[in-house]
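Report on the following structure.
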Amino acid sequence: MQNNLLNRYTRGWYFVLPGLIVMLLIVAFPLGIAARFSLHDVFLYDFSNQWFVGLDNYARAWTDPLFINSVKVTLLFTLANTLGCLIVGLLVAFLLSGKRIRFKAGWMALFLLPFVMTPVIVGITWRLFMWEPDFGVINQLLGFFGLTGPYWLTDSSTALFATALTNAWHLTPMAILVLYAALTTIPDDMYEAAKVDGAGAFQTLWHVVLPMIRAHILFVSIIIMTSAFREFDMVYTMTGGGPGRSTTVMSVLAYNRGIANQDMGMANTIAFTMFMIMAVVAWLYIKVYKVNKEASA
């Protein structure tokens, strides 16, 4: 009897154990190395010589104007991506969920196309064909209306906007997919009741749809937030962190410190700081999600 109870409570671990081992190898082990290196002076081509410095790397980082600037740029980049993806994704998903929309599968496939492209390809494509100052699509459209477009990626006042918009274009399909699936779970009776009460499209979206898909919005927001927060490929491909550090997000700064300056201790300090920031954000998200779930129960 005791053996049966033991097997009942331990049998599930046999299925979970392979995944846990893989996670330890590809997540926990590198994270442990990064945490260790962040407490040492380590140089790229001299890993055999390491000096323990404790929290000195963190103290130097938080007094470094370039690091402070990268934190601000990263937060702005992440906030712009999260809000932009959620707003556009929700509106597109709401429109696609309408009964009068034909060829929904085709429209959905078209909207999901940016998400299957790699960030490097997206960055190169937008840099060469969309943001190019003389022959790019954006400036050509502005010229059609008699406006002169700026040098988007070489002007410090517009470079961050251009990179954030490009990355949002890449991530918005995820919001569309998740929110569209959430909208299909809302009963038609809710829409009919809102229509009888005289609610318009915007009122229905605000008072009926949003309260019922709050959990899905929280879910997709944390996914987009973490993806934008750690973005490197697209930013580095488009601007390399310039001009004038205007697009130097934390991941780009970590790369520059580790590869260009060969200071792997500081690079891992920045990377581990990014992990701690996102861990706090994820913890807050779980708290908000639980409160929201209990309130809706």
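Yes/no matrix, rows are residues, columns are (1) surrounded by 15 or more Cβ atoms within 10 Å (Cβ to Cβ); (2) over 30 Å from L160 (Cα atoms); (3) modelled with pLDDT of 90 or more:
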| residue | (1), (2), (3) |
| --- | --- |
| L6 | no, yes, no |
| L20 | no, yes, no |
| I26 | no, yes, no |
| W51 | no, yes, yes |
| G54 | no, yes, yes |
| Y58 | yes, no, yes |
Which fully enclosed helices (runs of 4 or more DSSP H) of the range 1-98 have 2 or more residues being of a type in the set (F, W, Y) and touching a residue at least 12 places away in the same chain (Cβ under 8 Å)? 65-96
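Table: residues versus (1) closer than 30 Å to T247 by Cβ; (2) under 27 Å from the mean Cα position of the chain (by Cα).
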residue: G12; (1), (2): no, no
residue: L17; (1), (2): no, no
residue: M23; (1), (2): no, yes
residue: V27; (1), (2): yes, yes
residue: G32; (1), (2): no, yes
residue: F37; (1), (2): yes, yes
residue: D46; (1), (2): no, no
residue: P65; (1), (2): yes, yes
residue: L75; (1), (2): yes, yes
Here are some conditions: (1) among the aliphatic types (A, V, I, L, M); (2) surrounded by 15 or more Cβ atoms within 10 Å (Cβ to Cβ); (3) in contact (Cβ under 8 Å) with a residue 60 or more places away in the chain. A215 meets all but one. Which one does it not meet? (2)
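Rundown of residues vs (1) modelled with pLDDT under 95; (2) assigned to a helix (DSSP H, G or I), yes/no style:
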position	(1), (2)
G143	yes, yes
L147	yes, no
P150	yes, no
L160	no, yes
T163	no, yes
N167	no, yes
M174	yes, yes
Return the pair list, or none, for Cβ contacts closer than 8 Å from residues in the range 113-132 that are in contact (Cβ under 8 Å) with a residue 60 or more places away in the chain and under 20 Å from T154 (Cα atoms) to residues that are aromatic (F, W, Y) and part of a helix (DSSP H, G or I), at least 6 apart or on different chains. V122/W169; G123/Y236; W126/W169
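The values are calculated or read from the model by the stated rules, or taken from the named source; none is laboratory data. Here the structure is a predicted model, which means the values were calculated and not measured. Neighbour counts run over all protein chains shown; Cβ positions are idealised from the backbone, glycine included.
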